[in-house]
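> Below you'll find the structure I mean.
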Amino acid sequence: MANQEDIFKKVISHAKEYGYIFQSSEIYDGLSAVYDYGQNGAELKKNIREYWWKAMVQLNDNIVGIDAAIFMHPTTWKASGHVDAFNDPLIDNKDSKKRYRADVLVEDHVAKIEAKIDKEVTKAAKRFGDSFDREQFLTTNQRVLDYQAKADGILKRLGRSLENEDLADVKALIEELGIVCPVSGSKNWTDVKQFNLMFGTKLGASAETATDLYLRPETAQGIFVNFLNVQKTGRLKIPFGIAQTGKAFRNEIVARQFIFRMREFEQMEMQYFIKPGTQKEWYDAWKEKRMKWHLSLGMGKKNYRFHDHEKLAHYADAAADIEFKFPFGFRELEGIHSRTDFDLGSHEEYSGKKLQYFDPELNESYVPYVLETSIGLDRMFLAVFSNSLQEEQLENNTSRVVLKLPAVLAPTKAAILPLLKRDGLPEVAQKLVDDLKWDFNVAYDEKDAVGRRYRRQDAVGTPFCVTIDHQTLEDDTVTIRHRDSMEQQRVLLSEVKGIIAKEVDIREWLKEL
Ligand code: ATP
């Protein structure tokens with residue numbers, strides 16, 4: 001069994017080799033945590049977006065979709081809390097030039113002290129055997145008490161300094177504790193700076209009149225500020241949802257793991273506006289509905305799990321993640337958040353405009369509560385891609401690399417292959433391409449032996465290969481080969497479209513929803 005790291009490396013190199021994902025500006029050695037989608041990646045990404053959009057907007061009478069701008073009025077981000085709270089404290093080591101989260105450095109130091117306590121406990125447990133009383137030991141052993149007091153004191157001071165924005169004291173703490181850079185081993189630190197994860201930019205031509213803007217760090221606010229526009233023009237009644245897909249930008253301090261954590265990424269979000277007091281039932285309902293959507297793709301129930309948040313963001317009264325088993329373990333793929341009336345209430349306050357809904361049944365107006373589902377499109381892409389990439393041992397002692405993408409998402413649905421480049425076979429194949437391309441993305445390939453062409457299509461994830469041979473000229477039949485089973489069927493040319501259509505029909509995939 002290859003280890004996780006090897007598997008992940010294979011995913012990254014396969015994505016590049018088959019035109020799915022390239023490093024951004026690669027000819028200039030790339031840009032950290034920014035990626036481009038190639039010819040196949042763009043199709044797969046579009047298909048995932050469409051799969052989400054259809055399930056969310058087209059199949060729900062009371063959910064509509066919008067497309068808000070990336071630039072928003074700067075007060076938006078005051079109201080949402082991002083200007084004040086979307087921060088991490090940063091520190092650089094001058095020798096290694098490595099950048100760290102200052103709070104994480106201190107917390108790692110505390111973890112080492114706590115490890116010493118654990119060691120004392122293990123030692124004592126051995127010494128005292130059955131009569132060992134852990135609680136008593138922890139509360140009476142002087143050495144342990146000293147360690148604990150030290151750890152608590154450090155964390156308390158860190159908490160206080162961060163709360164008071166006293167970054168000089170955070171640095172003083174790092175220095176007093178003698179914390180060294182894990183890379184250079186030196187204590188040569190810069191000052192601590194507060195680092196806001198939003199990217200800033202300027203709107204306007206002249207320096208004096210330019211307005212400071214942010215690239216949106218989430219798409220949700222574009223929905224909140226349009227809440228009344230959409231509700232009124234769509235004459236929507238609560239409960240109703242507004243969905244949106246689009247780019248978001250975060251200047252992540254430590255961005256690794258390929259497209260899992262990017263600085264520019266795409267979100268697919270839906271805000272569901274509900275009556276205050278009903279949030280618990282909608283929270284449960286949307287958790288279930290979203291999990292069903294994931295399971296509809298057939299990527300294995302065991303690869304998903306819920307993770308309920310204990311520590312909640314400032315806007316939430318309940319939150320859970322849907323986690324997926326990526327090559328590096330279970331990680332967040334989608335968040336489901338009960339956002340209360342925090343956002344609309346805050347926008348009311350900052351804009352001075354009422355953002356309320358008149359409930360005809362209650363005959364009163366209120367600020368609706370919001371239930372949000374938020375998924376990263378790129379993260380979903382990574383989930384689908386990494387899960388689909390498989391190496392299979394075949395009977396004749398060979399192996400094949402196959403990308404078992406759900407057929408509904410595959411960039412190319414079928415490859416049309418004339419067995420030979422002559423005898424009129426390419427013409428028949430081309431005619432089939434010309435017919436099918438109105439309905440699906442299809443490829444034409446006449447190069448190399450047909451076995452090699454099958455392998456190429458397996459690796460790129462094409463669910464069907466259709467081979468035109470001499471028999472086709474006689475009786476209008478072709479061979480259709482299925483990617484996953486490698487089974488081949490002889491069917492009439494006229495049946496090909498129907499066979500493909502059935503497998504890639506979104507209705508078949510989403511009917512359980
Ligand atoms: P994380 O804890 O991984 O940073 P988050 O909790 O900050 O994520 P949210 O703000 O809830 O994420 O954003 C919703 C979704 O957007 C996430 O579930 C994830 O799929 C996606 N997402 C967030 N940050 C990134 C990023 N830097 N790159 C790619 N996708 C992201």
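> For the stretch 308-363, what are the residues that are of a type outside the set (Asp, Glu), in a strand (DSSP E or B), open to solvent by 70 Å² or more (accessible area, probe 1.4 Å) and within 14 Å of the ligand (Cβ to nearest atom)?
331
> Another question about this same structure. Being among the β-branched types (Val, Ile, Thr) and farther than 18 Å from residue 401 by Cα is the filter here; which residues of the stretch 413-465 pass it?
The answer is 416, 428, 433, 442.
> Follow-up. Is at least one residue of the stretch 21-32 within 16 Å of the ligand (Cβ to nearest atom), of a type in the set (Asp, Glu) and either within 17 Å of the chain's Cα centre (by Cα) or on the phi > 0 side of the Ramachandran plot (or both)?
no
> Another one. Picking from 245, 219, 233, which residue would you name as being at pLDDT 95 or above, within 16 Å of the ligand (Cβ to nearest atom), open to solvent by 10 Å² or more (accessible area, probe 1.4 Å) and of a type in the set (Val, Ile, Thr)?
Going through 245, 219, 233 in turn, the sole match is 245.
> Against the definition (open to solvent by less than 20 Å² (accessible area, probe 1.4 Å) and within 27 Å of residue 200 (Cβ to Cβ)), how does residue 91 come out, yes or no?
yes
> Across the stretch 455-513, what is the total count of residues that are open to solvent by 50 Å² or more (accessible area, probe 1.4 Å), modelled with pLDDT of 95 or more and not in a helix (DSSP H, G or I)?
Residues flagged as open to solvent by 50 Å² or more (accessible area, probe 1.4 Å), modelled with pLDDT of 95 or more and not in a helix (DSSP H, G or I) within the stretch 455-513 amount to 10.
> While we're on this one: If you go through the stretch 74-95, how many residues are free of Cβ contacts under 8 Å to residues at least 40 places away in the same chain and over 15 Å from residue 196 (Cα atoms)?
0
> Now, a different point. Take residue 447 and decide whether it is out of contact with any Asp or Glu (no Cβ under 9 Å at 6 or more places or on another chain), within 30 Å of residue 10 (Cβ to Cβ), open to solvent by 40 Å² or more (accessible area, probe 1.4 Å) and not hydrophobic (A, V, I, L, M, F, W, C).
When the stated conditions are applied, residue 447 passes them.
> A further question follows. When only residues in the stretch 248-262 that are closer than 29 Å to residue 345 by Cα and not polar (S, T, N, Q) count, which is farthest from the ligand (Cβ to nearest atom)?
Only one residue tops the list, namely 249.
> With the condition being acidic (Asp, Glu) and touching a residue at least 24 places away in the same chain (Cβ under 8 Å), I'd like the strands (runs of 3 or more DSSP E) fully within the stretch 205-304 carrying at least 1 qualifying residues.
211-214, 264-274
> Quick check on my filter: what residues within the stretch 96-107 are without any contact (Cβ under 8 Å) to a residue 60 or more places away in the chain and over 19 Å from residue 255 (Cα atoms)?
Passing the criteria: only 107.
> Restricting attention to the stretch 251-293, which residues are among the small types (Gly, Ala, Ser) and under 27 Å from residue 370 (Cα atoms)?
277, 285 - these are the residues of the stretch 251-293 that are among the small types (Gly, Ala, Ser) and under 27 Å from residue 370 (Cα atoms).
> Right, another one. Restricting the stretch 365-401 to residues that are within 16 Å of the ligand (Cβ to nearest atom) and open to solvent by 40 Å² or more (accessible area, probe 1.4 Å), which is farthest from the chain's Cα centre (by Cα)?
Checked the stretch 365-401; the qualifying residue farthest from the chain's Cα centre (by Cα) is 387.
> Considering each residue of the stretch 1-55, count those that are among the hydroxyl-bearing types (Ser, Thr, Tyr), part of a loop (DSSP other than H, G, I, E, B) and open to solvent by 20 Å² or more (accessible area, probe 1.4 Å), and give that number.
Residues that pass the stated criteria total 3.
> Follow-up question, since we're still on this one. Looking at this structure, is residue 416 hydrophobic (A, V, I, L, M, F, W, C), open to solvent by less than 30 Å² (accessible area, probe 1.4 Å) and more than 23 Å from the chain's Cα centre (by Cα)?
yes
> Look through 162, 158, 203 and report the one residue that is within 24 Å of residue 261 (Cβ to Cβ) and modelled with pLDDT under 95.
The unique qualifying residue is 162.
The values are calculated or read from the model by the stated rules, or taken from the named source; none is laboratory data. The structure presented is a predicted model; accordingly, all values stated were derived computationally and were not measured. Counting neighbours? That spans all protein chains shown, and the Cβs are built from the backbone with ideal geometry, glycine included. Ligands, DNA and RNA are excluded from the accessible area calculation, which covers all protein heavy atoms including side chains. Shrake-Rupley method; radii C 1.70, N 1.55, O 1.52, S 1.80 Å.
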